[in-house]
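Peer 1: Quick one: this structure, given as structure tokens, is what I'll be asking you about.
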Amino acid sequence: MASQSLDLTSVATAAAAERPALKICPLCTCSQSQLYQRITVTRGPAAGSYELRRCEACELIFVDPRLDDAILARLYDEDFYFSTGWVLKGISELVIRQIQRTRQRRVQRFVRSGSLLDIGSGDGQFVHHMANEGWRATGLDFSPAAQTLAEARGGRGRFLCGSIFDHEFVPESIDLVTLWQVLEHIGEPREFLERTHALMRPGGVFVAAVPNIEGWSARLAGARWWGLDVPRHLVHFSPRTLCHALEHAGFTVIKVNHLSMQYDPYGLLHSTLDWVFTRRHFLSDFAKQQVSRDVRAAEYTYNVAALVLLGPLLAPLSLLTTATAAGVGRGGFIEVFARRD
């Protein structure tokens, strides 16, 4: 009997260990979630172990633990947004201008003109561009460094610092809201989408570009996928979960794009090389001349050699893979367009 009791206790303990932990989903508030992936960050103010958990109800994937806002703010200094010494600065600015024109064409298929609120506006490139095209454009970013640099660029448009909950906007006054790789940084997506819906005019258009947690890039790169960016990315969407979130907030989804030429090929190349490099994000840091000072000469030489040897091989493969993935609806990054009815 003692042996039988021990066996039953072991079975009960194992069953309890397999039950999903109680975690509150920030989208639907369901308390049931399952472990999706564990990520360890080894450097910086956010060093530690994190879990990505999948909500059993809405399937949103969210990070746990979520850092305090004061710690998160330290992860968005000036170097996060802007290069301090990019040797290819001239070329990059030409590319960025083309990106803004492409974004303009895409949004103006659904709304021709009016008032724009660009959330997570960074250095203000999109706001400046749209203001020059006749839009009443406002940029909003919670980073003071972003606001300062956006205003220092001059040009048209206005810039605010903080979140959408920190400012009073006239209800039903905004024709276009854009978030270019920003929504994944917002830890309260349900409240955010409801607040945004209330600010927009009927017929207004909401645009969000986010990493696709169910894309091929995420599956191929695993824990090194650029789109994870733990712990800055607080939530991770698939096309299904994002469309569901928008519809629940009162929007009607009108289009989903599955290819971002700005992020897709580079994102997969970056992620693949991260498996070879001695530390994450070396490619971005190297390109922007922001390699950490604690990288010793031997480590630096190894990483550069790996880039020279593997980069020419992996770059065309990344382009081919991401283009194919987009063609079958599995792009690494998606753009969702929705209308406020």
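Peer 1: Only one of (1) within 27 Å of residue 198 (Cβ to Cβ); (2) modelled with pLDDT of 95 or more is not met by residue 122, so which one is it?
Peer 2: So the condition that residue 122 fails would be (2).
Peer 1: Does any residue of the range 263-272 turn out to be in contact with a strand residue (DSSP E or B) (Cβ under 9 Å, 6 or more places away or on another chain), surrounded by 14 or more Cβ atoms within 10 Å (Cβ to Cβ), of a type in the set (D, E, K, R) and at pLDDT below 95? Lay out the reasoning, then the answer.
Peer 2: Step one: list which residues in the range 263-272 are in contact with a strand residue (DSSP E or B) (Cβ under 9 Å, 6 or more places away or on another chain), which gives 263-264, 267.
Next cut, surrounded by 14 or more Cβ atoms within 10 Å (Cβ to Cβ) only: 263-264, 267.
Imposing the further condition that a residue be of a type in the set (D, E, K, R) reduces the set to 264.
Filter once more, keeping what is at pLDDT below 95: 264.
Yes, because at least one residue in the range 263-272 is in contact with a strand residue (DSSP E or B) (Cβ under 9 Å, 6 or more places away or on another chain), surrounded by 14 or more Cβ atoms within 10 Å (Cβ to Cβ), of a type in the set (D, E, K, R) and at pLDDT below 95.
Peer 1: If a residue must be among the hydrophobic types (A, V, I, L, M, F, W, C), in contact with a Lys or Arg (Cβ under 7 Å, 6 or more places away or on another chain) and over 20 Å from residue 182 (Cα atoms), how many such residues does the range 111-135 contain?
Peer 2: Within the range 111-135, residues that are among the hydrophobic types (A, V, I, L, M, F, W, C), in contact with a Lys or Arg (Cβ under 7 Å, 6 or more places away or on another chain) and over 20 Å from residue 182 (Cα atoms) number 1.
Peer 1: Within the range 138-211, considering only strands (runs of 3 or more DSSP E) that don't extend past its boundaries, which have at least 2 residues that are open to solvent by less than 10 Å² (accessible area, probe 1.4 Å) and in contact with a strand residue (DSSP E or B) (Cβ under 8 Å, 6 or more places away or on another chain)? Give the derivation first.
Peer 2: Working: elements: 158-161, 174-180, 200-211.
Hits in the range 138-211: 174-180, 200-211.
Peer 1: Report yes if residue 214 is over 23 Å from residue 126 (Cα atoms), part of a loop (DSSP other than H, G, I, E, B), touching a residue at least 24 places away in the same chain (Cβ under 8 Å) and open to solvent by 10 Å² or more (accessible area, probe 1.4 Å), otherwise no.
Peer 2: Taking the combined requirement at face value, the residue satisfies it.
Peer 1: Does residue 308 satisfy being without any contact (Cβ under 8 Å) to a residue 40 or more places away in the chain and open to solvent by less than 40 Å² (accessible area, probe 1.4 Å)?
Peer 2: On the way: without any contact (Cβ under 8 Å) to a residue 40 or more places away in the chain: yes; open to solvent by less than 40 Å² (accessible area, probe 1.4 Å): no.
For residue 308, the condition - without any contact (Cβ under 8 Å) to a residue 40 or more places away in the chain and open to solvent by less than 40 Å² (accessible area, probe 1.4 Å) - is not met.
Peer 1: Anything in the range 46-73 that is surrounded by 13 or more Cβ atoms within 10 Å (Cβ to Cβ) and either over 12 Å from residue 235 (Cα atoms) or more than 18 Å from the chain's Cα centre (by Cα) (or both)? List them, or say none. Write out each step before concluding.
Peer 2: Here is the first cut: in the range 46-73, the residues surrounded by 13 or more Cβ atoms within 10 Å (Cβ to Cβ) are 46, 48, 50-64, 66-67, 72-73.
Within the range 46-73, 46, 48, 50, 55, 56, 57, 58, 67, 72, 73 meet the criteria.
Peer 1: Return the residues of the range 273-304 that are open to solvent by 70 Å² or more (accessible area, probe 1.4 Å) and in contact (Cβ under 8 Å) with a residue 40 or more places away in the chain; say none if nothing qualifies.
Peer 2: If the condition is that a residue be open to solvent by 70 Å² or more (accessible area, probe 1.4 Å) and in contact (Cβ under 8 Å) with a residue 40 or more places away in the chain, then 275, 280, 289 are the ones that fit.
Peer 1: What tally of residues in the range 224-262 results from selecting those that are open to solvent by less than 20 Å² (accessible area, probe 1.4 Å), hydrophobic (A, V, I, L, M, F, W, C) and touching an Asp or Glu at 6+ places or on another chain (Cβ under 8 Å)?
Peer 2: 5
Peer 1: For residue 35, only one of the following conditions fails: (1) surrounded by fewer than 17 Cβ atoms within 10 Å (Cβ to Cβ); (2) modelled with pLDDT of 80 or more; (3) over 18 Å from the mean Cα position of the chain (by Cα); (4) not in a strand (DSSP E or B). What is its number?
Peer 2: (4)
Peer 1: Further question: Give just the number: which of (1) closer than 25 Å to residue 123 by Cβ; (2) at pLDDT below 85 does residue 97 not satisfy?
Peer 2: Of the numbered conditions (1) closer than 25 Å to residue 123 by Cβ; (2) at pLDDT below 85, the odd one out for residue 97 is (2).
Peer 1: Quick one: would you say residue 254 is aliphatic (A, V, I, L, M), at pLDDT 95 or above and farther than 29 Å from residue 39 by Cα? First the steps, then the outcome.
Peer 2: Working: aliphatic (A, V, I, L, M): yes; at pLDDT 95 or above: yes; farther than 29 Å from residue 39 by Cα: yes.
The answer is yes for residue 254.
Peer 1: Can residue 272 be described as closer than 24 Å to residue 23 by Cα and in a helix (DSSP H, G or I)? Let's see the steps before the verdict.
Peer 2: Details: closer than 24 Å to residue 23 by Cα: no; in a helix (DSSP H, G or I): yes.
So residue 272 fails the test.
Peer 1: Same structure again: Looking at the range 282-341 only, could you name the residues that are assigned to a helix (DSSP H, G or I), of a type in the set (A, V, I, L, M) and within 30 Å of residue 112 (Cα to Cα)? If you could, list the steps in order and put the result at the bottom.
Peer 2: Step one: list which residues in the range 282-341 are assigned to a helix (DSSP H, G or I), which gives 282-287, 297-327.
Among the residues that remain, those that are also of a type in the set (A, V, I, L, M) are: 283, 287, 297-298, 304-310, 313-315, 317, 319-320, 323, 325-326.
Of everything in the range 282-341, those that are assigned to a helix (DSSP H, G or I), of a type in the set (A, V, I, L, M) and within 30 Å of residue 112 (Cα to Cα) turn out to be 323, 326.
Peer 1: Any residue that is in contact with a helix residue (DSSP H, G or I) (Cβ under 7 Å, 6 or more places away or on another chain) and basic (Lys, Arg) - is there at least one of those in the range 292-315?
Peer 2: Looking through the range 292-315, none of the residues is in contact with a helix residue (DSSP H, G or I) (Cβ under 7 Å, 6 or more places away or on another chain) and basic (Lys, Arg).
Peer 1: Restricted to the range 109-118, and to residues that are open to solvent by 10 Å² or more (accessible area, probe 1.4 Å) and among the hydrophobic types (A, V, I, L, M, F, W, C), which residue is farthest from residue 199 (Cα to Cα)?
Peer 2: 110
Peer 1: Given the conditions (1) touching a strand residue (DSSP E or B) at 6+ places or on another chain (Cβ under 6 Å); (2) at positive phi, report the number of the one that residue 281 does not fulfil.
Peer 2: Here residue 281 clears every test but (1).
Peer 1: From 259, 246, grab the single residue that is among the hydrophobic types (A, V, I, L, M, F, W, C), under 30 Å from residue 204 (Cβ atoms) and in a loop (DSSP other than H, G, I, E, B). Before the answer, list the steps.
Peer 2: Details: 246 fails: in a loop (DSSP other than H, G, I, E, B).
Going through 259, 246 in turn, just one is among the hydrophobic types (A, V, I, L, M, F, W, C), under 30 Å from residue 204 (Cβ atoms) and in a loop (DSSP other than H, G, I, E, B): 259.
The values are calculated or read from the model by the stated rules, or taken from the named source; none is laboratory data. Predicted model only: the values in this text are computed from it and were never measured. Because the Cβ atoms are built from the backbone with ideal geometry, glycine has one as well, and the counts that use them run over all protein chains shown. Just the protein is used for accessible areas: all its heavy atoms, side chains included, with ligands, DNA and RNA removed. Shrake-Rupley method; radii C 1.70, N 1.55, O 1.52, S 1.80 Å.
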